[in-house]
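The values are calculated or read from the model by the stated rules, or taken from the named source; none is laboratory data. Just so we're clear, the structure is a prediction, and the values are computed from it rather than from any experiment. Here the Cβ positions follow ideal geometry from the backbone for every residue, glycine too, while neighbour counts run over all protein chains shown.
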Number of protein chains: 2
Amino acid sequence: MERVLSSELPAHVGERVKLAGWLHHQRQMRSFIFVVMRDRAGLAQVVVEGPPMGEVAGFLPETVLEVEGRVVPSAQAPGGIEVVEPSFRVLSAPTGLPAVELFRPSLKEQLPTILDNASIALRHPRQRAAFSIAAASAAGFRSTLDDLGFTEIHTPKLVGTATESGANVFQLDYFGRPAYLAQSPQFYKQMLVGVFERVYEVGPVFRAEPHDTVRHLAEYTSLDAEMGFIEDHHTVMAVAREAVAGMSTAITERAGPAAALLGLTPPHVPEVIPEVDFTEAQTMIEAATGERVLGELDLAPAHERWLGDWALHTHGSDFLFVTGYPMAKRPFYTHPDPTRPSVSNSFDLLFRGLELMTGGQRLHRYEDYIAALAERQQATEPLETYLQAFRAGMPPHGGFAIGLERWTARVTGAANIRETTLFPRDLNRLAP
Amino acid sequence: MERVLSSELPAHVGERVKLAGWLHHQRQMRSFIFVVMRDRAGLAQVVVEGPPMGEVAGFLPETVLEVEGRVVPSAQAPGGIEVVEPSFRVLSAPTGLPAVELFRPSLKEQLPTILDNASIALRHPRQRAAFSIAAASAAGFRSTLDDLGFTEIHTPKLVGTATESGANVFQLDYFGRPAYLAQSPQFYKQMLVGVFERVYEVGPVFRAEPHDTVRHLAEYTSLDAEMGFIEDHHTVMAVAREAVAGMSTAITERAGPAAALLGLTPPHVPEVIPEVDFTEAQTMIEAATGERVLGELDLAPAHERWLGDWALHTHGSDFLFVTGYPMAKRPFYTHPDPTRPSVSNSFDLLFRGLELMTGGQRLHRYEDYIAALAERQQATEPLETYLQAFRAGMPPHGGFAIGLERWTARVTGAANIRETTLFPRDLNRLAP
């Protein structure tokens, strides 16, 4: 008999079917047992009566089972359906009780216990739902950019030169030489604009983050895009808007049950995301709060939250582009505003008052790179193979990056980014 | 005026259009200049006559240009179309002649020069075509497995325990502790079968390969899949066949122009890929060649080639599954054939006589892991968080892995795997 999934039971009312999965929970009643089976699609209730009760009562939680039985409607059962007259076949028995109790509607364990026992805790339907949403989001990112003529790339994670500044980089021995783990695909995606014009990558990036916070990871998944022949950063922002809208739509289309389980509605992305200038934002914040913020080079988290509220109330938008950041706080490859050299052609995208994405226009002329590096007293020699691309003719270009785990945390309302990372890596955690 | 791509010119005959791209080549004739423009879609011929000839003659190869002109049919032009009466706008000028001559039908430089100057060499239409085929293949892998109910995962590349044996692993300092770069997502994809039943990952893997060959890289992109509730390795092989067929179809559907440029036909994947038992294969090879091979624990490359020829002549197939490999040469997590304990439930997939994929059924019972590790005198303690999953109930499961660069090399006929890796990493190469 072909296996059916729990979600397929409504199509088989009156038939005998075979389910397979894990014994999620069992409740002993006087004359029968409710067995809840879990498979990749969800849960199914099985009613055990008579002689098999003795055998079933001995099954430990997480026993891997095949169940054959008849599908019947049942007003009391979750989903209005249950399986009766079951026979069981044990595929695999656990060695004892699981370290995490999976039967509750939500896990009651603390986060460290959940993370220490990730391969078990992730089995809980609510825990795994976040990762269905992450997978759908990544698929939406890719399909949106595919449709816009982008090419998927895979760039090296072992690099000879740290991408960003020297701090926060993992170093290793590479056949007798020092190598680093890529902090981003920044240099490579720019070089490949010279090849494919439009590129994206979904892959790991590494930060030796010495801070143990709810927002930082030593390894995360970056959704990176870069494109050539732009007017300025607004061309990039328009594509970034499409990418985020595609991610949100994909949650509905590809992870509907997971979204329903978590009771969440994928965010609405306006056709045109409102935009505010950095200095105007500071002026508004000063006027509203009385705080002195004008002249500061970046927005504090509290100010981003204020702007998030402002965008929601003024524009009805969960999203807000902030543009016009000072050049001083942006990396050396950032393109300035041609009319205001101390201001960058870059942007952050705030989502519900939290930074979700950073992007901007990059320098594209070789001589501008030489000047920018000289001004920052940074040597050109370690960047030789990067600068090679600019010596050979590069179009005006720009791009952006989104942290997949951060996006998923925002969408699901997770308080700690570790809840949206399968096996998080931080200052203290290298296992499982 | 909106930019059009070179591939869109046929739809604009008689109109004035704007192209943007790189000056790929120019040929000076007596009274005009042929300018070949390159963009992400291909090449376009522009005819320059009269006064602009002086300016255009001064453009270096790889100058980034916008060209406005009128599209006309032309029997002599490549593609039957050309752009006349052009005006040019320089977006970015190179600093000199490129280190690689891009105008030839194929690059004439040696591979080390090509790799040293990758950001330029990859701009050649034939060079970049291989990566369009790689991107299409990865997309085909993902969409096929999506349709079969698989969930995309992102597992850590920084790990506390080396996945395979101790050799060939990169080690680094992780906040004062040793960590390793993942040689494969093997342990994690198995653990996640307990969560999602069916998972796949497209991501980098790392091997500290001390061999400088045409087949080995220190970092490559692995297409990994793992699935639960299987009968045995044949269930896995059926899905692996679908994945490879989906990859081949995606080349046609998503990278048609690249395939045409390289003159290749995506491989035909039979509905059922022929299968041969390891010992039977050795017997055939002995009978045909006179070589003593029975009793050897693996197939030599020459024997894989012999089997590739045999599959083509006997079954008309580019693909051949070899099953029944001795347990002795397979990793500790391999499931034995229940009827022949020294033989594994594993497989290799040969493509045109070369190993493309390895896979098989894995152990799923905790006690089988303990026994297998004891037999190999391997400690269980470093594997504690992996074994955790098996203590908690795991279904019969298995999976497979394909190297994306190796697949692309086979499909395109590249002699060296570095030709299908954007920025290869090997014993000697860490840049660009």
> Would it be correct to say that A:PHE196 is at the interface with another protein chain (Cβ under 10 Å from one of its Cβ atoms) and among the aromatic types (Phe, Trp, Tyr)?
Replying inline: yes
> Can A:ALA328 be described as without any contact (Cβ under 8 Å) to a residue 40 or more places away in the chain and within 24 Å of A:GLY399 (Cα to Cα)?
Replying inline: yes
>> I'd like the full set of residues that are surrounded by 12 or more Cβ atoms within 10 Å (Cβ to Cβ) and assigned to a helix (DSSP H, G or I), limited to the stretch B:378-394.
In response: B:PRO382, B:LEU383, B:GLU384, B:THR385, B:TYR386, B:LEU387, B:GLN388, B:ALA389, B:PHE390, B:ARG391
> Is there any pair with a first residue in the stretch A:171-183 that is assigned to a strand (DSSP E or B) and a second that is among the acidic types (Asp, Glu) and surrounded by fewer than 16 Cβ atoms within 10 Å (Cβ to Cβ) whose Cβ atoms are under 8 Å apart and which are 6 or more apart or on different chains, and what are they?
Replying inline: A:GLN171/B:ASP173; A:LEU172/B:ASP173; A:ALA179/A:ASP173
> Quick check: is even one residue across the stretch B:354-377 more than 9 Å from chain A (Cβ to nearest Cβ), in contact with a Lys or Arg (Cβ under 8 Å, 6 or more places away or on another chain) and of a type in the set (A, V, I, L, M, F, W, C)?
Replying inline: yes
> Any idea how many residues of the stretch A:165-183 are more than 8 Å from every other protein chain (Cβ to nearest Cβ) and crowded, with 20+ Cβ neighbours inside 10 Å?
Replying inline: 3
> Hey, does the stretch A:17-33 have a residue that's in a helix (DSSP H, G or I) and either of a type in the set (Gly, Ala, Ser) or in contact with an Asp or Glu (Cβ under 8 Å, 6 or more places away or on another chain) (or both)?
Replying inline: no
>> So in the stretch A:250-288, with the set limited to residues that are without any contact (Cβ under 8 Å) to a residue 12 or more places away in the chain and of a type in the set (Ser, Thr, Tyr), which one is surrounded by the most Cβ atoms within 10 Å (Cβ to Cβ)?
In response: A:THR283
> For the stretch A:325-343, what are the residues that are farther than 19 Å from A:ILE402 by Cβ and surrounded by 21 or more Cβ atoms within 10 Å (Cβ to Cβ)?
Replying inline: A:MET327, A:HIS335
>> Looking for something basic (Lys, Arg) and more than 30 Å from A:ALA136 (Cβ to Cβ) - is there at least one such residue anywhere in the stretch A:406-425?
In response: no
> What are the residues in the stretch B:395-424 that are more than 11 Å from every other protein chain (Cβ to nearest Cβ), closer than 24 Å to B:MET227 by Cα and in a helix (DSSP H, G or I), if any?
Replying inline: B:ARG406, B:TRP407
>> Of the conditions (1) surrounded by 22 or more Cβ atoms within 10 Å (Cβ to Cβ); (2) of a type in the set (D, E, K, R); (3) over 28 Å from B:ARG198 (Cα atoms), B:GLU405 satisfies every one except a single condition; which number is it?
In response: (3)
> When the stretch B:82-111 is examined, which residues are found to be more than 14 Å from every other protein chain (Cβ to nearest Cβ) and of a type in the set (A, V, I, L, M)?
Replying inline: B:VAL83, B:VAL84, B:LEU111
> Can you tell me which residues in the stretch A:110-145 are under 30 Å from B:SER7 (Cβ atoms) and either among the small types (Gly, Ala, Ser) or surrounded by fewer than 18 Cβ atoms within 10 Å (Cβ to Cβ) (or both)?
Replying inline: A:ALA138, A:ALA139, A:GLY140, A:SER143
> Does A:TYR220 qualify as being surrounded by fewer than 23 Cβ atoms within 10 Å (Cβ to Cβ) and aromatic (Phe, Trp, Tyr)?
Replying inline: yes
>> Tell me the residue from B:THR314, B:THR323 that is hydroxyl-bearing (Ser, Thr, Tyr), over 27 Å from B:ARG198 (Cβ atoms) and assigned by TED's automatic domain parsing to the domain that holds B:GLY228, please.
In response: B:THR314
> Among the strands (runs of 3 or more DSSP E) contained in the stretch B:187-288, which hold 2 or more residues that are over 30 Å from A:ILE120 (Cα atoms) and touching a helix residue (DSSP H, G or I) at 6+ places or on another chain (Cβ under 8 Å)?
Replying inline: B:275-277
